[in-house]
Amino acid sequence: MSPPTAPHLYLHVPFCTGRCAYCAFRSGPPPPHPERYVDALLREAEARGLLPLPPLHTLYCGGGTPALLGPRGFRRLARAGLFVLARHAEWTVELHPAAVTPPLLETLAEIGVTRLSIGVQSFDDATLARCNRRHTALQAHAAIARARAVIPDTGIDLIAGLPGVSPTLWAETLRQTVTLGLPHVSVYALSIEPASAWGRAGVSPPDPDALCDAVAQAADTLAAAGLRRYETSNHARPGRACRHNLNTWHGGDYVGLGPGACSRLGRLRRDGDGREERLSAEDDALERALTRLRLATGFHPDRLRTRFPILVRRFPHWERRLARFRAMGFLSPANAPTTRGHEILDALERALLEPPPQG
Ligand code: SF4
């Protein structure tokens, strides 16, 4: 029997020209011929028995800095025989502002890339320098304009809670963001990872209240500009949510290739270090069901009945807990997280993970 596979593929490109101060991802300098990395991805897919993949509904190239594959690498990727795209497939590529060049954009459009996500993080030059981002605000604006002219579905990432960013400075980054009229903005709350440069240097994590305020300020500003918070860290105009990530939050299967890429195929979970674990049927269902808590569509146990019959005995317990969360202002009447709910999402999830009382 061939191993299970999925029409959602994540490709990790582990190259960066430098190291951002907050970053603990697996990445290193690009090799002399980065385009040859495509062959390594193909070999990995073959060795793991994943080929042929079904026609992809979504493909996501993340990093690292995927742009370092260059036009040649992306053309090689499109022709490698690693995947075929289904009709109306979504293909997203993450881009660093300093790497957005006209030849790369033309290549990406030519091979069928439909979405771009540019890592802006801040529109303040002093903050960018402190983070060792290796680009300026002006470069970010130019990259966004250039990218949108070729691939209109271009969004950006921002980081809330960066050191030295006052509420006023953060408001200015948000103001510049909304004036762009983008279809998608991700806002990640800073965490200081021990393996990052800041972690090793003992930089203090942001004050939790100030961080929550910054994230809430972003959500309010973006909502006022027509971008709905459809997931804890993601905001989009109608119809512009990232379908690749939505598949994951709806508990779907996906294949990840490259060092640092996770996979979820049936009950098999593979982490970024290549460790595989076969989950029990109940743990698998729990994990897949509870990721929906993050979504603005709301968490409705009753709608999970057909997909996760093994969880049905938990539903009365969940309904009681959800009613309490609503009463405490953590969930809306439609069971979607409120601003306060997003702040304590892990705690809500842990409470639902507890086994129902006996008897
Ligand atoms: S944050 Fe992104 S660009 Fe910066 S070092 Fe990490 S992977 Fe590279």
Subject >> Residues that are at pLDDT 95 or above, within 15 Å of residue 49 (Cα to Cα), surrounded by fewer than 19 Cβ atoms within 10 Å (Cβ to Cβ) and out of contact with any Pro (no Cβ under 7 Å at 6 or more places or on another chain), drawn from segment 253-275 >> reply: 268, 270
**OP:** Residues that are buried (at least 21 other Cβ atoms within 10 Å of the Cβ) and within 16 Å of the ligand (Cβ to nearest atom): find the helices (runs of 4 or more DSSP H) completely inside segment 126-245 holding 2 or more of those.
**Re:** 137-150
Original post:
If we keep just the residues of segment 12-50 that are open to solvent by less than 20 Å² (accessible area, probe 1.4 Å), among the aliphatic types (A, V, I, L, M) and within 25 Å of residue 115 (Cβ to Cβ), which is nearest to the ligand (Cβ to nearest atom)?
Top reply: 13
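Of the residues that sit in segment 97-112 and are farther than 17 Å from residue 182 by Cβ and in a loop (DSSP other than H, G, I, E, B), which one is farthest from the ligand (Cβ to nearest atom)? Spell out how you get there, then give the answer.
Step one: of segment 97-112, the residues farther than 17 Å from residue 182 by Cβ are 98-99, 101-104, 106-112.
Within this subset, residues satisfying the condition of being in a loop (DSSP other than H, G, I, E, B) are 101, 112.
On the way: 101: 16, 112: 24 Å.
The residue in question is 112.
Taking the condition away from the ligand (no atom under 16 Å from the Cβ), open to solvent by 50 Å² or more (accessible area, probe 1.4 Å), over 30 Å from residue 130 (Cβ atoms) and in contact with a Phe, Trp or Tyr (Cβ under 9 Å, 6 or more places away or on another chain), does residue 53 pass? Outline the logic, then answer.
Values: away from the ligand (no atom under 16 Å from the Cβ): yes; open to solvent by 50 Å² or more (accessible area, probe 1.4 Å): no; over 30 Å from residue 130 (Cβ atoms): yes; in contact with a Phe, Trp or Tyr (Cβ under 9 Å, 6 or more places away or on another chain): yes.
Judged against the criteria, residue 53 is not a match.
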Subject >> Residue match in segment 300-319 (condition: of a type in the set (A, V, I, L, M, F, W, C) and closer than 28 Å to residue 160 by Cβ) >> reply: no
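A quick yes/no check of all residues on (1) under 22 Å from the mean Cα position of the chain (by Cα); (2) over 15 Å from residue 65 (Cα atoms):
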{"residue": "9", "(1), (2)": "yes, yes"}
{"residue": "22", "(1), (2)": "yes, yes"}
{"residue": "27", "(1), (2)": "yes, no"}
{"residue": "35", "(1), (2)": "no, no"}
{"residue": "44", "(1), (2)": "no, yes"}
Subject >> Tally, over segment 317-348, of residues that are open to solvent by less than 70 Å² (accessible area, probe 1.4 Å), out of contact with any Lys or Arg (no Cβ under 9 Å at 6 or more places or on another chain) and part of a helix (DSSP H, G or I) >> reply: 8
Original post:
Taking only pairs six or more apart or across chains, which ones have beta-carbon atoms under 8 Å, a first residue in segment 124-135 that is at negative phi and free of Cβ contacts under 8 Å to residues at least 40 places away in the same chain, and a second residue that is surrounded by 15 or more Cβ atoms within 10 Å (Cβ to Cβ) and not in a loop (DSSP other than H, G, I, E, B)?
Top reply: 125/137; 128/121; 128/137; 135/97; 135/98; 135/128; 135/143
**OP:** State all residues of segment 323-345 that are in contact (Cβ under 8 Å) with a residue 60 or more places away in the chain and closer than 17 Å to residue 300 by Cβ; if no residue qualifies, say none.
**Re:** 337, 345
Original post:
Which ones in segment 40-92 are part of a helix (DSSP H, G or I), farther than 15 Å from residue 13 by Cβ and touching a Gly at 6+ places or on another chain (Cβ under 9 Å)?
Top reply: none
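The values are calculated or read from the model by the stated rules, or taken from the named source; none is laboratory data. Just so it is clear, the model here is predicted, and its values are computed rather than measured. Cβ coordinates were reconstructed from backbone atoms using ideal geometry, including for glycine residues, and neighbour counts include every protein chain displayed. Side chains included, ligands, DNA and RNA excluded: accessible areas come from the protein's heavy atoms. Shrake-Rupley method; radii C 1.70, N 1.55, O 1.52, S 1.80 Å.
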